[in-house]
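Heads up: the structure comes next, in structure tokens.
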Amino acid sequence: MRKIESSGLDLNLLIALRSLLKHNQVAAAAHECGVTPSAMSRSLTRLRKAFGDPLLTSVGRSLKPSNRALALVDELDEVLRRIDQLSRPVGFDPQTSDRAFRIACTDYEASVLLRPLVAQLRDKAPRVRLHLFNGGDLGVDVLQDRTAEVAILSPDGQYPWAKRRTLLREEFITLMPKSALPLTRKSYLALSHAVLATDEPEPNPIDALLDKPRRHIACRARSFATAIELACAGHWAVNVPVRLIRDVVLPDHMCLSKPVMPLPSFEVSMFWHVQTDKDVGLHWLRKCIVELAASRQEPVDFSRNDG
């Protein structure tokens, strides 16, 4: 099969041919295509050379198509129709779409943002599916290899190939056994602790604020959900994000307390690859997540402090 470039054809020539076959007149075809009659005549010359056929010959003031030209009409219309479809933005109807969106997140984002999102999707997009990639070692680079289409994470660093939207700024609160009340720096350090960490040698940000004595770390967990569950079982202390613990039903022996030392906050951001910026389905999903995050901008509430 001949390549298009070797035949001298391009899209403009195909459009010119369709117009010539429609009007059987150079001037009318030129007017429809927005070019001069001389430019349309040059296009016809190139078309004759590319197809090896006269295609249209002058009969009086009109052009008469050859048998070869007449045989091209239906196929030409189909080719141009498909090209037109390719150039149109792909539509997205959340009510009927069964698209699966690939989202990278940790358990924090899954609980704070995706859980209420799923509740909304029951009405907004009942057939839409979510494929989650979560774990403590996730990074924004999952967007580069297309493992995920959206990443909702809290990483450091710059990613020139990704777009970013900050969603939340999160504060910490201390989950602890009631037996340690009232919580002071001394009683806090005397407790056993669960911390979020992915590797044993990895320093915890809170330990970086302490010189001596250091805390007794009873458990290093890869997710806040695990750290909370084990802290409750072990009667340990653990610093957890306010929005994550807000709706958790605590056992009777545990309570929340304002931290005894200033703890660093963290930002939660949404990332997506620049190449997917115009994807209408992903644009809809990102808009849903942004609106949901905006509804969760409540100030830090310590109303559950001290039991």
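The values are calculated or read from the model by the stated rules, or taken from the named source; none is laboratory data. This one's a predicted model, so the numbers in the text were calculated from it and none came from an experiment. Positions of Cβ are generated from backbone atoms using ideal geometry, with glycine treated the same way; all protein chains shown enter the neighbour counts. The area values use the complete protein model at the heavy-atom level, side chains included, leaving out ligands, DNA and RNA. Shrake-Rupley method; radii C 1.70, N 1.55, O 1.52, S 1.80 Å.
Using the Cα centre of the chain as origin and beta-carbon charges of +1 (Lys, Arg) and -1 (Asp, Glu), tell me which of Gly281, Leu21, Ile206 is placed farthest towards the positive end of the dipole.
The residue sitting most towards the positive pole is Leu21.
If each residue of separation counts as 0.36 nm, what is the full-extension length gain between Asn12 and Ala190 once their alpha-carbon separation is subtracted?
56.2 nm
Can you give the calculated 222 nm mean residue ellipticity of the chain, where each DSSP H run of n ≥ 4 adds -39,500 (n - 2.57) and the sum is split over every residue, rounded to the nearest 500 deg cm²/dmol?
When only DSSP H runs of four or more count, the value is -10500 deg cm²/dmol.
Over the stretch 30-173, what is the mean sequence separation of C-alpha contacts under 8 Å (at least six apart), divided by residue count, expressed as relative contact order in percent?
18
I want to make sure I understand the PRE zone here: with the label point 7 angstrom from the Cα of Lys287 toward its beta carbon, which residues in the stretch 91-111 have backbone N atoms less than 12 Å away?
Flagged as within label range: 92-94.
Which entries in the list Lys163/Lys287; Lys124/Lys163; Lys186/Lys258 go over 18 Å, if you measure between the two C-alpha atoms of each?
Lys124/Lys163
With the full set of protein chains in place, find how many percent of the accessible area of the chain is carbon and sulfur; take the probe as 1.4 Å. Intermediate results must be reported in sequence, preceding the final value.
On the way: 9190 of 17440 Å².
Result for the chain: 53 percent of the exposed heavy-atom area is carbon or sulfur.
What number, in percent, do you get for the relative contact order of the chain if the mean sequence gap of Cα pairs under 8 Å and at least 6 apart is divided by its residue count?
19
Could you estimate the translational diffusion coefficient of the stretch 97-174 from the Stokes-Einstein equation, with Rh from the Kirkwood formula over C-alpha pairs, at 25 °C and 0.890 mPa s, in whole µm²/s?
178
Which peptide among 235-248, 217-230, 92-105 comes first, and what is the full order, when sorted by highest mean count of other Cβ atoms within 10 Å? Spell out each step's value before the answer.
Values: 235-248: 20.3, 217-230: 17.9, 92-105: 15.9.
So the peptides 235-248, 217-230, 92-105, ranked by packing, come out 235-248, 217-230, 92-105.
Over the alpha-carbon set of the stretch 242-303, divide Rg by the Kirkwood Rh and report the Rg/Rh ratio to two decimals.
Taking Rg over the Kirkwood Rh, I get 1.13.
Calculate log10 I(q)/I(0) of the chain for q = 0.10, 0.13, 0.14, 0.15 Å⁻¹, where I(q) comes from the Debye formula with a single equal point scatterer on each Cα and nothing for solvent.
At q = 0.10, 0.13, 0.14, 0.15 Å⁻¹ the computed log10 ratios are -0.70, -0.96, -1.04, -1.12.
Give the residue from Trp161, Gln120, Cys105 lying farthest towards the positive end of the charge dipole for the chain; charges sit on Cβ (+1 for Lys and Arg, -1 for Asp and Glu) and the dipole is referred to the Cα centre.
Trp161
Could you size up the charge dipole of the chain around its Cα centre, putting +1 on the beta carbon of Lys and Arg and -1 on that of Asp and Glu, and report it in debye to the nearest 20?
In total the dipole reaches around 1080 debye.
So how far apart, in nm, are the two label points at Glu75 and Arg214 if each is 7 Å from Cα heading toward Cβ?
7.6
Could you check what % of the DSSP bridge pairs in the chain are antiparallel, to the nearest 5? Write out the running numbers ahead of the final one.
On the way: 23 of 39 bridges.
Percentage antiparallel, nearest 5: 60.
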